[in-house]
Amino acid sequence: MNREQILALAPDTASISAAKSLGNPKVWGVLGYSGRAVWGECKGSGANPYQARIDLSGNAFKCSCPSRKFPCKHGLALFLLYAEEPQHFTQTDAEPPWVAEWLASRGQRAEAKKAPTAAKPVDPKAQAKRQQQRDGEMAQGLAELGLWLEDIVRIGFAELPAKPLRYWDEWAARMVDAKMPGLAGRIRKLSAVLLQKSDNLHLFAQEIARLNLLVKAYPQRHQLPAGLCADINQVLGLAMREDEVLQAPAVNDEWLVLATRFSEENALVTREVWLLGTTSGQFAKLLHFAHASQRQTLQTLWLTGNRLRGNAHFYPSATPLRAVLGDYQNSPQQAGIGPAPQHSAFWQDYRQLKIRNPWLGAYPVLAPPAIPIYQEPFLYLQLPDGPAIPVDTRGTAPWPLLAMSGGQAVSVFGEWDGERLQALGVWYGQTYANLTARAVT
């Protein structure tokens, strides 16, 4: 575990600065570790020291301080000290009770999750009735959506940017009432596209076409391939349970963690993890969710460079990507990212994927070696014998990528949506950096 990986766990830059101020071993009265955990007692403003502990099997944290951040500054500082100055820690198998009890409770919760739950009895008639009612509500909602889309095309797009947000929210609410929350999100994104200062009417028109295609495809979904039918359900927002996904055939591989990103909207914390199978060459994307008050429930073992040997079960799709990990082992000795894997002409690949799944969004790619070029306000990757690839800088500042490249060609990992590349990681020299991590100074 290195400094960059540990600081990438910080919830914000203020926590990084605070953790550095606790990097002096003298402020820690007790520092110890075992084969399972690291712990320490840090002097605070109160009479009793704060007790911080880390579960090494999952890089999970707990601290007795009142901070609501996760991990807190004490946990980060303890991890940094252990990684960089282990000589200050005492090794022992006799863990303090407050550490042993915490580890035991974590083990019990993990076993409880693995234990099969008894299936509740299902009333077939009631289930069929509920499904029939839902199908009717969805069919009516799609019919209304189809008429609305026809009106938009007939009237034209010129006056749409002037529509108040209430106009789009009302249509989104109709889709929620029709049991299709996925469509509600797409309608809200339509308004966001129109509100952007740049001319994005072509993107708006493309999304209108995809929605219209969905309206036409849904009544015929049972005649389509199973993967494409699953993609339609996903767009509508019909969720599939993880336990159902785990019944699908698994892809066993050594999975390399290329990037991890957290986002938060309306108190919902989302963690995205991108994996690459070192043997299969297949990408997998994991999604985890938690309420902002329960951020600590998102385990923090997904660090860039981690290698996991295990089974990935993919959600059904014509273009499988989202997955759930079944049985796996997290190697305590990280081998690092290594050199950039062999790339492919990703834009041609993306076109083929789009043909198979018209509603495909951004998809992970390994871009060929290219030189980052900044022409304010745009960033591009200039291929040696090809076009310049636009890079989306709305979520990630261009400066780290430019600085790491030093004017030389670099290999970039990211998500391509047919228009722009969202850079997530970069190989420069013999090093790989996760571009989604917060700036570390």
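Computed over neighbours whose Cβ is under 13 Å from that of S191, the net charge equals +2, Lys and Arg +1, Asp and Glu -1. Couplings 3J(HN,Hα) of the range 55-61, computed from phi: 8, 5, 6, x, 6, 9, 10 Hz, in residue order, whole Hz [Karplus 6.51 cos²θ - 1.76 cosθ + 1.60, θ = phi - 60°; x for Gly and Pro]. Taking only the Cα atoms of the chain, the radius of gyration and Dmax are 24.6, 75 Å. Ligands, DNA and RNA left out, the accessible area of the range 1-60 computed with a 1.4 Å probe is 50% carbon and sulfur.
Rolling a 1.4 Å probe across all protein chains gives T279 an accessible area of roughly 110 Å².
If you stretched the chain out fully between V27 and L147, how much longer would it get, using 0.36 nm times the residue separation minus the C-alpha to C-alpha distance?
On the way: separation 120, 0.36 × 120 = 43.20 nm, distance 6.73 nm.
Length difference between fully extended and current span is 36.5 nm.
Think of each Lys and Arg Cβ as +1 and each Asp and Glu Cβ as -1; about the Cα centre, that makes the dipole of the chain roughly 720 debye. Backbone phi angles across the range 32-39, fed through the Karplus curve with coefficients 6.51, -1.76 and 1.60 (θ = phi - 60°), yield HN-Hα couplings of x, 7, 10, x, 10, 8, 10, 8 Hz in residue order; Gly and Pro are listed as x.
For L213 and S67, the FRET efficiency from 1/(1 + (r/R0)^6), where r spans their Cβ atoms and R0 equals 35 Å, is about 0.10.
Ellipticity at 222 nm from helices only: DSSP H runs of n ≥ 4 in the chain, each -39500 (n - 2.57), divided by the residue count, give -11000 deg cm²/dmol.
To the nearest 10, the accessible area of K285 is 30 Å² with a 1.4 Å probe.
What's the carbon and sulfur percent of the range 125-284's accessible surface, probe 1.4 angstrom, rounded to a whole number?
On the way: 4900 of 9150 Å².
Percent of accessible area from carbon and sulfur atoms in the range 125-284: 54.
Of the DSSP H helices in the chain, those that are both long (alpha-carbon extent of 20 Å or more along the helix axis) and hydrophobic (Kyte-Doolittle mean at least -0.5) are 181-195, 201-217.
Per residue, the chain exposes 54 Å² of solvent-accessible protein surface, assessed with a 1.4 angstrom probe and all protein chains in place.
Please give the contour-minus-distance gain from Q223 to Q247: 0.36 nm per residue of separation, less the Cα-Cα distance, rounded to one decimal in nm.
Values: separation 24, 0.36 × 24 = 8.64 nm, distance 2.37 nm.
Gain on stretching Q223 to Q247: 6.3 nm.
Computed with a 1.4 Å probe on the full set of protein chains, the accessible area for H288 sits at about 40 Å². A Förster radius of 45 Å combined with the Cβ-Cβ distance from Q329 to A239 puts the calculated FRET efficiency at roughly 0.95.
Rounded to the nearest 20 debye, the dipole magnitude of the range 23-105 is 380 debye, with +1 charges on Lys and Arg beta carbons, -1 on Asp and Glu beta carbons, and the Cα centre as origin.
Under the convention that each Lys and Arg Cβ holds +1 and each Asp and Glu Cβ holds -1, the size of the dipole of the range 261-328 around its Cα centre is about 160 debye. Using the Cβ-Cβ distance between L383 and W98 with R0 set to 60 Å, the FRET efficiency works out to roughly 0.60.
Largest first, how would K163, K216 line up by accessible area (1.4 Å probe)? Show your work: numbers first, answer last.
On the way: K163 80, K216 110 Å².
These residues rank, largest area first, as K216, K163.
Largest first, how would Y374, Y33 line up by accessible area (1.4 Å probe)?
Details: Y374 75, Y33 50 Å².
Sorted descending by solvent-accessible area, the residues read Y374, Y33.
Sorting M175, M404 on solvent-accessible area from highest to lowest, probe radius 1.4 Å, gives M404, M175. Once the Cα-Cα distance is subtracted from the 0.36 nm per residue extended length, the D169 to Q294 segment shows a gain of 42.2 nm.
The values are calculated or read from the model by the stated rules, or taken from the named source; none is laboratory data. As the structure is a computational prediction, the values presented were derived from the model and not from experiment. FYI the Cβ positions are ideal-geometry reconstructions off the backbone, even for glycines, and counts take in every protein chain you see. Ligands, DNA and RNA are stripped out before the accessible areas are found, and what is left, the full protein with its side chains, is counted by its heavy atoms. Shrake-Rupley method; radii C 1.70, N 1.55, O 1.52, S 1.80 Å.
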